[in-house]
1. For region 78-172, list log₁₀ I(q)/I(0) at each q in 0.21 Å⁻¹, using the Debye formula over Cα point scatterers of equal strength and ignoring solvent, two decimals each.
2. Run lengths n ≥ 4 of DSSP H only: what is the helix-derived mean residue ellipticity at 222 nm for the chain, with -39500 (n - 2.57) per run over all residues, to the nearest 500?
3. Enter the angle in degrees (range 0 to 90, nearest 10) between the Cα long axis of helix 91-102 and the first principal axis of the Cα atoms of the chain, meaning the one along which they spread out most.
4. If you count, for each residue, the other Cβ atoms within 10 Å and average over each peptide, how do 34-47, 151-164 line up from highest to lowest?
5. Excluding ligands and nucleic acids, what accessible area in Å² is computed for Glu134 using a 1.4 Å probe, to the nearest 10?
6. Probe radius 1.4 Å, ligands and nucleic acids ignored: give me the carbon and sulfur share of the accessible area of region 1-138 as a rounded percent.
7. With bins 10 Å wide starting at 0, give me the P(r) of the chain over every alpha carbon pair, in whole percents.
8. Report, in whole Å, the centroid distance computed from the Cα atoms of region 17-37 and region 79-151.
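The values are calculated or read from the model by the stated rules, or taken from the named source; none is laboratory data. Computed from a predicted model, the values in this text were never measured in an experiment. In this analysis, Cβ positions are derived from the backbone assuming ideal geometry, glycine residues included, and neighbour counts consider all displayed protein chains. Accessible surface areas use protein heavy atoms only, side chains included; no ligands, DNA or RNA. Shrake-Rupley method; radii C 1.70, N 1.55, O 1.52, S 1.80 Å.
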Amino acid sequence: MALGLAAKKEIVAEINDVASQALSVAVAEYRGMEVADLTDLRVKAREQGVYLRVVRNTLAKRALSETKFSDLDSALTGPLIYGFSIEAPGGAARLFKDFSKTNDKLNVTALSIGSGLLGPEKLDAVASLPTRDEALARLLATFKAPAEKFVQTINEVPGKFVRVLAAIKEEK
């Protein structure tokens with residue numbers, strides 16, 4: 001059944017709203033996938049905080065035209081599923097990468113982090129981006145390391161003195 005103009009405008013507005021909030025977007029071709037596989041992909045996407053949507057490319061081009069992902073226009077051909085990462089920049093890329101290990105019919109065609117169009121060869125790099133919690137943990141560890149090393153160094157002086165005294169005692 002064909003969509004009316006009002007339904008198309010609603011889809012464009014929804015995609016535009018999601019894209020304006022998203023940190024990154026991954027686009028994959030799903031040609032030949034079973035419905036059960038797509039359902040499984042959607043379930044995993046909900047668990048990981050990724051917004052998935054299958055939408056006509058012309059509507060997607062309109063929706064993305066006024067967002068930071070407008071550079072995806074040239075890559076929007078064929079039956080595509082759009083994954084918008086809402087919580088972590090690598091969320092959709094990680095989801096598509098993990099899912100394509102078990103299903104070879106899902107092929108990532110383009111990625112964008114808002115800084116330009118990235119090809120499918122950058123999938124591993126984008127998928128390895130840390131989540132917010134992981135990035136904060138790494139930052140905290142970086143801040144904490146010099147203080148820990150300083151305390152270990154200060155603690156080593158009396159420890160060495162005690163070991164020298166123990167060695168002298170054993171010798172006598």
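1. Ignoring solvent entirely, the Cα scatterers give -1.03.
2. Estimated from H runs of four or more residues: -18500 deg cm²/dmol.
3. 80 degrees
4. My ranking of the peptides, most packed first, is 34-47, 151-164.
5. 90 Å²
6. Of all accessible area on region 1-138, carbon and sulfur atoms account for 52 percent.
7. 9, 31, 25, 10, 7, 7, 6, 4, 1, 0
8. After rounding, the separation between the Cα centres reads 15 Å.
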